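Worksheet: one structure, shown below.
Here, each number is a calculation from the coordinates, and none is a lab measurement. Since the model is a prediction, treat every value here as computed from it, not as a measurement. FYI the Cβ positions are ideal-geometry reconstructions off the backbone, even for glycines, and counts take in every protein chain you see.
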Amino acid sequence: MSAARPAEGPLPRVRLVDVARESGLSKTTVSAALNGTGRMSEEVRRRARETARRLGYRPNATARLLRAGHARLIGYAVGEFAGEPGTYLTSPYFARLTSATTAAALEHGYALVLLPSRCGPEEWADLPLDAAIVADPVDRDPLVEDFLAARIPLFTDRSVEGRPGAHWVDVDTEGAVREVLDHLYAQGARRIALVLPGTVIRFHRAAADTHRRWCDERGLTARQARTDGAGDGPVITAVEAVLSGPEPPDALFVLAEAGPPLVLEAVRRAGLAVPGQLLLVCASEESSAEHTRPAVSTLSLQPAAVAEKGIELLIAALESGSRESTGALVPTRLEIRASSLRHAQGPYDNTVDLGGPGTV
């Protein structure tokens, strides 16, 4: 029986001195070449970088960050889904928001640390966070309060406007909701129902209030329904409930996030033709809305723009050391397609292939 082979340990880390020896350059020259500093020819700089790449050299990030006095880490949590950890990653909106935030932070040399939305200071106090982000916080969100109390620069929604160390980016909720309602009204709708998420955050509350005021201004009944949970299923259940009454709405604005094809199918099961009997607009970031029959009108809350602007404000505060609150509004985008165009009811009867979106 042959003897057992000794376990192989980890490969030794390539050091700066190894790159210098291999390239035939001094350690000082190699360091300057890799950092983009120093006076040297492009040939020497290229030789140092190519050697470092070939050997697999990585600078000691820990030592570099300790010298700089910060870790370049940003904590990230989503308040709206605090009771259902991880659920937000299945949401197209929050998936795009998280991805865009990660990319924007990385462009500035920062990395995100995903945090549970219901964690307390005892869980993140030992993390060397330079800043924090709480997307869609709930009312009096404890994470928001904890970060501000710890004097950690924070990016969240407009609820923190004016507070030292707080930076916000939001959408013009009233303007966005009125734009959708005005469009549906212009198409002849008078019984416009709004389907909202069950979670009551600042954005949802403002949307519901705007819908009620808009209806009051025109002497219309404000029809609203809320979901009883996150995900497609509860949204479709709420849509079906709205459509099952004795006098169904003639227009539906689904602000709770669900796949447009699923919403359209729920309307079909209720026996209503879109747009002939029911006009439809969904708040959605899904491209599937362009390819349904008929193509579904959508309101985009522009998560990428929100992320990029928020990181811009946060990095500016980190670099300047300013505690002054800053903020910005990001415009939404309404894509009008066949599902909300009354004049399209002839060809768009839920059975005919449209051959693409009808954005105007």
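Gap in Å between the Cα centre of the range 138-188 and the Cα centre of the range 281-314?
Cα centres, the range 281-314 to the range 138-188: 17 Å.
Using the Cα centre of the range 255-298 as the reference point, and only Cβ charges (+1 on K/R, -1 on D/E), how large is the resulting charge dipole? Debye, rounded to the nearest 20.
280
Work out the FRET efficiency for Glu324 and Arg268 from their Cβ-Cβ distance, taking R0 = 41 Å, and round it to the nearest 0.05. Could the numbers behind the result be given before it?
Numbers: r = 53 Å, r/R0 = 1.28.
Plugging the Cβ-Cβ distance into 1/(1 + (r/R0)^6) gives 0.20.
With θ set to phi - 60° and the Karplus curve 6.51 cos²θ - 1.76 cosθ + 1.60, what are the ³J(HN,Hα) couplings of the range 121-128 in order, to the nearest whole Hz, using x for Gly and Pro?
Along the range 121-128, the couplings run x, 5, 8, 10, 4, 7, 7, x Hz.
Starting from the amide H of Gly75, placed 1.01 Å from N in the peptide plane, find each other amide H under 5 Å away whose residue is 5 or more places distant or on another chain.
Counting only residues 5 or more places away or on other chains, the set is Val113, Asp130, Ala131, Ala132, Ile133.
Among Lys309, Lys27, rank each residue by its count of other Cβ atoms within 10 Å, from fewest to most, as a rough exposure measure.
Lys27, Lys309
Which semi-axes, in whole Å and largest first, does the equivalent ellipsoid of the range 82-186 have when worked out from the alpha carbon gyration tensor as the square roots of 5 times its eigenvalues? Let's see the in-between values first.
On the way: eigenvalues 151, 56, 43 Å².
So the three semi-axes of the range 82-186 are 27, 17, 15 Å.
Volume per residue, Å³, of the convex hull around the alpha-carbon atoms of the range 284-325?
54
Search the structure for amide H atoms under 5 Å from the amide H of Arg190, placed 1.01 Å from N in the peptide plane, and list their residues when 5 or more places away or on another chain.
So Arg190 has HN proximity to Asp250.
Along the charge dipole of the chain, which of Ala305, Ser287, Leu318 sits closest to the positive end, that is, farthest toward it, with unit charges on the beta carbon of Lys, Arg, Asp and Glu (+1, +1, -1, -1)?
Checking the options against the dipole of the chain, the answer is Leu318.
What is the P(r) of the range 118-173, as percent of Cα-Cα pairs per 10 Å bin from 0?
P(r) over the range 118-173, rounded to whole percents: 23, 58, 17, 2.
Using 0.36 nm times the number of residues separating Ser99 and Ala186, minus their current alpha carbon distance, what extension gain do you get?
27.7 nm is the gain from fully extending Ser99 to Ala186.
With the Cα gyration tensor of the range 16-59 in hand, convert its eigenvalues to equivalent ellipsoid semi-axes via √(5λ) and list them largest first in whole Å.
Here the semi-axes work out to 14, 10, 10 Å.
Taking every pair of alpha-carbon atoms in the chain, give the share separated by more than 28 Å as a whole percent.
It works out to 55 percent of all Cα pairs.
What number, rounded to the nearest 500 deg cm²/dmol, is the helix-based mean residue ellipticity at 222 nm of the chain, given -39500 (n - 2.57) per DSSP H run of at least four residues and division by all its residues?
-11500 deg cm²/dmol
Between His108 and Glu240, how high is the FRET efficiency from 1/(1 + (r/R0)^6) when r is the Cβ-Cβ distance and R₀ = 30 Å? Nearest 0.05.
Working: r = 45 Å, r/R0 = 1.51.
Between His108 and Glu240 the formula returns 0.10.
For the residues Leu278, Leu329, what sequence is obtained by ranking on other C-beta atoms within 10 Å, fewest first? Don't skip to the end; give the middle numbers.
Values: Leu278 23, Leu329 15.
Placing the least packed residue first, the sequence is Leu329, Leu278.
With +1 on each Lys and Arg Cβ and -1 on each Asp and Glu Cβ, and nothing else charged, work out how big the dipole of the range 16-59 is about its Cα centre, in Debye to the nearest 20. Walk me through the intermediate numbers first.
Working: 10 positive and 5 negative charges, 16 e Å.
Charge dipole of the range 16-59: 80 debye, to the nearest 20.
Would you please give the FRET efficiency between Ala222 and Ser288, computed as 1/(1 + (r/R0)^6) with r the Cβ-Cβ distance and R0 = 25 Å, to the nearest 0.05?
The calculated FRET efficiency here is 0.30.
Cα-based Rg (one decimal) and Dmax (whole number) for the range 203-342, in Å?
Calculated on Cα positions, Rg and Dmax stand at 18.0, 60 Å.
May I ask you to list the trypsin sites (Lys or Arg not before Pro) in the range 123-224 that are in a DSSP loop and have at most 14 other Cβ atoms within 10 Å of their Cβ?
Working: sites: Arg140, Arg151, Arg158, Arg178, Arg190, Arg191, Arg202, Arg205, Arg212, Arg213, Arg218, Arg223; in loops: Arg140, Arg151, Arg190, Arg191, Arg218.
Sites meeting the loop and neighbour criteria: Arg140, Arg151, Arg190, Arg218.
With both bridge residues required to lie in the chain, what share of the DSSP beta bridges run antiparallel, to the nearest 5%?
10
Dividing the convex hull volume of the Cα atoms of the range 171-274 by its residue count, what figure in Å³ per residue is obtained?
98
Please state the charge dipole magnitude for the chain, taken about the Cα centre, from unit charges on C-beta atoms (+1 on K and R, -1 on D and E), reported in debye and rounded to the nearest 20.
1460
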